[in-house]
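J.: If you scroll down you'll find the structure; I have some questions about it.
The values are calculated or read from the model by the stated rules, or taken from the named source; none is laboratory data. Please read these numbers as outputs of a predicted model, since none were measured by experiment. Cβ placement follows ideal geometry from the backbone for every residue including glycine, while neighbour counts extend to all protein chains displayed.
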Amino acid sequence: MPDTTQPIRFGSNAGQPVSRRDGIAKVTGAAPFAADNQPDNLLHAVYAPAAIARGRVTHLDVAAARAHPGVTHVFTPANRPALEGDPDDKPTMFSFRVEVLQDDTVRYAGQPIALVLAETLEAAHEGVRLLAPRYDMEPSRVTLDDATPFDVEPGGFGRPAATVHGDVEAGHAAAARAIDVTYETAAQYHNAMETHAIVAQWDGDRLHLDVPTQALNISCAAYAAFFGIPAENVTISSPYLGGGFGSKAIPIGPNVLAILAARAMGRPVKLMLTRQQMFGPVGHRGATRQRLRLGTDAAGALTVIDHDGLSATSTFDDFMEPAANASQGLYAAGALRSTHRGVRLDIGTPGPMRAPGEASGSAALECALDEMAEAAGLDPLDFRLINYAETEPGTGKPYTSKALRECYAQGAERFGWAGRPLAPGQMRDEQGMLTGWGMGTALFPCPMFFAEARATLRPDGTALFETSAADMGQGAWTSLAQIAADSLGLPLEKVEFHAGHSSLPDGGVAGGSGHTATAGTALHTAGIDVVRQLGEIASADPDSPLHGAGNARFVAHDGRLWIEGDDQRSDAIEEIVMRAGGVEITGQGQGGRPQEVGETYAMNAHGAVFAEVKVDPDLGQVRVSRLVGAFAAGRIINPKLVESQLMGGMIWGLGFALHEKASHDPATGRILNADLAGYHVPVNADVQGLEVITVHEDDPHVNPLGIKGVGEIGIVGTVGAIGNAIWHATGKRIRHFPIGIPDLL
Ligand code: MOS
């Protein structure tokens, strides 16, 4: 584990609003994405999705598909070659049970039921059409009311444990005022611009994959397990992703099928999901129903937050949106309880989707808080300040840092919150639109995973930094390179940064908002390892001003090596290297977090989001006219990219509040709106007056770099803020998301 006892000396790169280093390549089309690969002799694969949600496939017209010109093969459960690994096994972190034509049963609409291989993409699609499947259909269960809830047995990924702090019954009994409200959130589907895609090529028992993934080395191990080969036999190239959102952390069934087909046919195979298929076997955010029972004493102090989450999952796997956990870390209630129950439905297995748990749970919590504030006759911000947690609620752990008060203050100031009337329905604008103001608190934990990196200082004074993890589109190629350059005291243009290939040191996962912190720490410590070696060389060199410095701690800045704390003695790095014969110096680094840190401290990024909405009193149409978010997330490596990340999160929150919802046809269980025409996400015209404030925060404990992460937190406070603003505009408390026009008529 890296040394966390010494403060980090940053150079001139961290903190700069550098534009994306991959920006030109991205916008000119020069950046290669997985599906851009066209190896010779390529076969195209398209899978047939089930059109029912529950039952059996009774007939596929394989002969008709095979007879179509260009179609070379059709895989069905009847002839699918054997896999060495069990599709029900979960060999690695983020593994789910995959559907790879095990049998003829259908467990959800969109499940692959056959795979067509053809010389052209068009022929493969036509082959799928010609299969004309027939089914034995059983009634499907697709809503939370369609099946009996069960208690979640915690353990493993996506099976949240119940958490209780304090005496919950006493908290209820002590309440002078109480509310008991139930909120619902809809099923949502990740819809990255780049759909899932893979190009699979075998060479003997070695496998190369061009596949977008948030976790390259983990994915190598996962795919290897299905084919009975060692993980080192698999290489993955994933230099760029057109969005991940959690969906691309998961090895998916269609990819396994493509790899299997490539092996069986002895040819490279490309498979790319259609937009409609993105509503299929690739995870999603499961629907939730959340009951919140809150109580306050006469002064408005919370005596209890009792949060029960009911989450949809599939009939064959376990992942459940851990919504109720959102109530654990935020407000200083006398007692806290989070419980989770599941409902098994005929749907694909949900998975982690951007702020899994925090987004859905806080949507309900922040609205319930607003309802509680209303019942107590308090301003929503005052109510949150009365219940401000100085230490982590329940555990009493100190925070590594917490500038939430400053977030509230700066956000409220910028927004003009002080002028807000307490009662709803008081404000109209010049056009007669009902106007309302609402707020929500944002919190996201600061997980760190594990990552490795390598730094190579070259004799010409440039450096190469390498780590495998990918850039999902958030700018990792740039912010990670800034951290790397500072570790050697080099200007950014002298640092080459390689990522996105599994043969590089394991960069861990770009997820959990922990990539910059984790891979950044690995890169930094790799650079420090080079600095240490430079120090050894200089110390042993009679010609160096640093001769005999021995075990001193060295730092590099301004192209020179220094003894820390001594600004008299230094040596030019290029000269140290030259005198040593022009050597290349390679350093290794790791990123992670010693267990004691998590045992001692609570670690979160925080924020406060303020929303203004305009509601048409006649048409029920909602416009979010202003969104101000103030966030404290430790050290900001690249303010430009961070602002973009936070804006993206807030826009996602807007979509959660007003747009995103997958609707099932009760007859077939199919998703009715499985495309971007019917499944709405915010477009430019939906987004107005968006402002991001980053609040300064020094954090000496969270990790040596002081980075908390910004990938997901923007969503968290925004959903509730918009719901609360709609109440404030209209007096209508809508207890589900998304909130639509019919709710406001
Ligand atoms: Mo994520 S849901 O941390 O990719």
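J.: Among the residues that make up segment 671-679, is at least one of them crowded, with 24+ Cβ neighbours inside 10 Å, touching a residue at least 60 places away in the same chain (Cβ under 8 Å) and among the aromatic types (F, W, Y)?
T.: There is no residue in segment 671-679 that is crowded, with 24+ Cβ neighbours inside 10 Å, touching a residue at least 60 places away in the same chain (Cβ under 8 Å) and among the aromatic types (F, W, Y).
J.: Kindly list the number of the only condition in (1) aliphatic (A, V, I, L, M); (2) under 30 Å from L209 (Cα atoms); (3) within 16 Å of the ligand (Cβ to nearest atom) that fails for M272.
T.: (3)
J.: Collect the residues in segment 208-267 that are among the small types (G, A, S) and away from the ligand (no atom under 16 Å from the Cβ), keeping them in residue-number order.
T.: Narrowing segment 208-267 to residues among the small types (G, A, S): 215, 219, 221-222, 224-225, 228, 231, 237-238, 242-244, 246-247, 249, 253, 258, 261-262, 264, 266.
Correct list: A221, A224, A225, G228, A231, S237, G253, A258, A261, A262, A264, G266.
J.: Would you mind telling me which numbered condition in (1) out of contact with any Leu (no Cβ under 6 Å at 6 or more places or on another chain); (2) outside any loop (DSSP other than H, G, I, E, B) G714 fails?
T.: (1)
J.: From G171, G155, grab the single residue that is at positive phi and either surrounded by 18 or more Cβ atoms within 10 Å (Cβ to Cβ) or more than 16 Å from the ligand (Cβ to nearest atom) (or both).
T.: Details: G171 fails: at positive phi.
From the options G171, G155, the qualifying one is G155.
J.: A further question on this structure: Does at least one position in segment 521-538 carry a residue that is more than 16 Å from the ligand (Cβ to nearest atom), under 24 Å from G714 (Cβ atoms), buried (at least 24 other Cβ atoms within 10 Å of the Cβ) and outside the structural domain of A633 (by TED's automatic domain parsing)?
T.: Step one: list which residues in segment 521-538 are more than 16 Å from the ligand (Cβ to nearest atom), which gives 521-538.
Narrowing further to those that are under 24 Å from G714 (Cβ atoms): 521.
Restricting the remaining residues to those that are buried (at least 24 other Cβ atoms within 10 Å of the Cβ) gives 521.
Subset that is outside the structural domain of A633 (by TED's automatic domain parsing): 521.
Yes: segment 521-538 contains one or more residues that are more than 16 Å from the ligand (Cβ to nearest atom), under 24 Å from G714 (Cβ atoms), buried (at least 24 other Cβ atoms within 10 Å of the Cβ) and outside the structural domain of A633 (by TED's automatic domain parsing).
J.: When only residues in segment 1-30 that are buried (at least 17 other Cβ atoms within 10 Å of the Cβ) and among the small types (G, A, S) count, which is modelled with the lowest pLDDT?
T.: Ranking the candidates gives G11 first.
J.: S644 fails exactly one of the following numbered conditions: (1) among the polar types (S, T, N, Q); (2) more than 22 Å from R20 (Cα to Cα); (3) in a helix (DSSP H, G or I). What is the number of that condition?
T.: Here S644 meets the rest and fails (2).
J.: Continuing with the same structure: Go over the candidates R405, R384 one by one and state the one that is at pLDDT 95 or above, closer than 17 Å to A326 by Cα and either among the basic types (K, R) or in contact with a His (Cβ under 6 Å, 6 or more places away or on another chain) (or both). Talk me through it step by step, then tell me what you get.
T.: Values: R405 fails: closer than 17 Å to A326 by Cα.
Being at pLDDT 95 or above, closer than 17 Å to A326 by Cα and either among the basic types (K, R) or in contact with a His (Cβ under 6 Å, 6 or more places away or on another chain) (or both) holds for just one of R405, R384, which is R384.
J.: Another question, then. Please give the strands (runs of 3 or more DSSP E) falling wholly within segment 519-634 in which 1 or more residues are over 30 Å from H659 (Cβ atoms).
T.: On the way: elements: 554-557, 560-563, 566-572, 585-591, 604-615, 622-632.
Here the list reads 554-557, 560-563, 566-572, 585-591.
J.: Quickly run through segment 699-716 and pick out the residues that are within 16 Å of the ligand (Cβ to nearest atom) and of a type outside the set (G, A, S). It would help to see each step written out before you state the result.
T.: First, pick out the residues of segment 699-716 that are within 16 Å of the ligand (Cβ to nearest atom): 707-716.
Within segment 699-716, I707, K708, V710, E712, I713, I715, V716 meet the criteria.
J.: On to the next question. Does segment 351-362 contain any residue that is away from the ligand (no atom under 16 Å from the Cβ) and either crowded, with 24+ Cβ neighbours inside 10 Å or more than 21 Å from G280 (Cα to Cα) (or both)? Break it down stepwise before answering.
T.: Taking segment 351-362 as the starting set, the residues that turn out to be away from the ligand (no atom under 16 Å from the Cβ) are none.
Taking every residue of segment 351-362 in turn, none turns out to be away from the ligand (no atom under 16 Å from the Cβ) and either crowded, with 24+ Cβ neighbours inside 10 Å or more than 21 Å from G280 (Cα to Cα) (or both).
J.: Related question: If we keep just the residues of segment 476-490 that are modelled with pLDDT under 95 and surrounded by fewer than 24 Cβ atoms within 10 Å (Cβ to Cβ), which is farthest from the ligand (Cβ to nearest atom)?
T.: G489
J.: Please go through segment 172-190 and pick out each residue that is of a type in the set (G, A, S) and closer than 30 Å to A249 by Cα.
T.: First, pick out the residues of segment 172-190 that are of a type in the set (G, A, S): 173-176, 178, 186-187.
Of everything in segment 172-190, those that are of a type in the set (G, A, S) and closer than 30 Å to A249 by Cα turn out to be A186, A187.
J.: Also: Out of (1) within 16 Å of the ligand (Cβ to nearest atom); (2) closer than 15 Å to T195 by Cα, what's the single condition that is false for T288?
T.: (2)
J.: Then there's this: Counting just the residues of segment 321-347 that are assigned to a loop (DSSP other than H, G, I, E, B) and within 16 Å of the ligand (Cβ to nearest atom), which one comes out surrounded by the most Cβ atoms within 10 Å (Cβ to Cβ)?
T.: Going through segment 321-347, the residues assigned to a loop (DSSP other than H, G, I, E, B) turn out to be 321-322, 328-330, 332-334, 346-347.
Filter again for within 16 Å of the ligand (Cβ to nearest atom), leaving 321-322.
Working: E321: 33, P322: 24.
Here the residue is E321.
J.: Same structure, new question: Would you be able to say whether some residue in segment 641-655 is over 20 Å from the mean Cα position of the chain (by Cα), farther than 30 Å from L144 by Cβ and away from the ligand (no atom under 16 Å from the Cβ)?
T.: Here is the first cut: in segment 641-655, the ones over 20 Å from the mean Cα position of the chain (by Cα) are none.
Taking every residue of segment 641-655 in turn, none turns out to be over 20 Å from the mean Cα position of the chain (by Cα), farther than 30 Å from L144 by Cβ and away from the ligand (no atom under 16 Å from the Cβ).
J.: Separate question: Could you list, in sequence order, all residues of segment 238-264 that are farther than 25 Å from G511 by Cβ and modelled with pLDDT under 95?
T.: The initial filter retains those residues of segment 238-264 that are farther than 25 Å from G511 by Cβ, namely 260-264.
Scanning segment 238-264 gives no hits.
J.: Looking at D318, D308, D370, D297, can you tell me which residue is away from the ligand (no atom under 16 Å from the Cβ) and in contact with a Pro (Cβ under 6 Å, 6 or more places away or on another chain)? Break it down into steps so the answer makes sense when it comes.
T.: Values: D318 fails: in contact with a Pro (Cβ under 6 Å, 6 or more places away or on another chain); D308 fails: in contact with a Pro (Cβ under 6 Å, 6 or more places away or on another chain); D297 fails: in contact with a Pro (Cβ under 6 Å, 6 or more places away or on another chain).
D370 is the lone residue from the list that is away from the ligand (no atom under 16 Å from the Cβ) and in contact with a Pro (Cβ under 6 Å, 6 or more places away or on another chain).
J.: Taking the options S513, S503, name whichever one is outside the structural domain of M93 (by TED's automatic domain parsing), assigned to a loop (DSSP other than H, G, I, E, B) and within 16 Å of the ligand (Cβ to nearest atom). Can you show your working first?
T.: Details: S503 fails: within 16 Å of the ligand (Cβ to nearest atom).
Criteria check complete, one pass: S513.
J.: Can you pull out the residues in segment 419-476 that are charged (D, E, K, R) and under 35 Å from the mean Cα position of the chain (by Cα)? Steps first, answer last, please.
T.: First, pick out the residues of segment 419-476 that are charged (D, E, K, R): 420, 428-430, 452, 454, 458, 460, 466, 471.
R420, E452, R454, E466, D471 - these are the residues of segment 419-476 that are charged (D, E, K, R) and under 35 Å from the mean Cα position of the chain (by Cα).
J.: Go through (1) more than 25 Å from Q645 (Cβ to Cβ); (2) buried (at least 23 other Cβ atoms within 10 Å of the Cβ); (3) modelled with pLDDT of 95 or more for R267 and report which single condition fails.
T.: Only one criterion is unmet by R267, namely (2).
J.: What pairs come out if I take residues in segment 686-707 that are assigned to a helix (DSSP H, G or I) and pair them with residues that are at pLDDT 95 or above whose C-beta lies under 6 Å away, six or more apart or interchain?
T.: Going by the 6 Å Cβ cut-off, there are no qualifying pairs.
J.: Right, next: Does A124 satisfy the criteria of being outside any loop (DSSP other than H, G, I, E, B), out of contact with any Pro (no Cβ under 7 Å at 6 or more places or on another chain) and either of a type in the set (A, V, I, L, M) or not assigned by TED's automatic domain parsing to the domain that holds N41 (or both)? Walk me through it before giving the result.
T.: Numbers: outside any loop (DSSP other than H, G, I, E, B): yes; out of contact with any Pro (no Cβ under 7 Å at 6 or more places or on another chain): yes; either of a type in the set (A, V, I, L, M) or not assigned by TED's automatic domain parsing to the domain that holds N41 (or both): yes.
So A124 passes the test.
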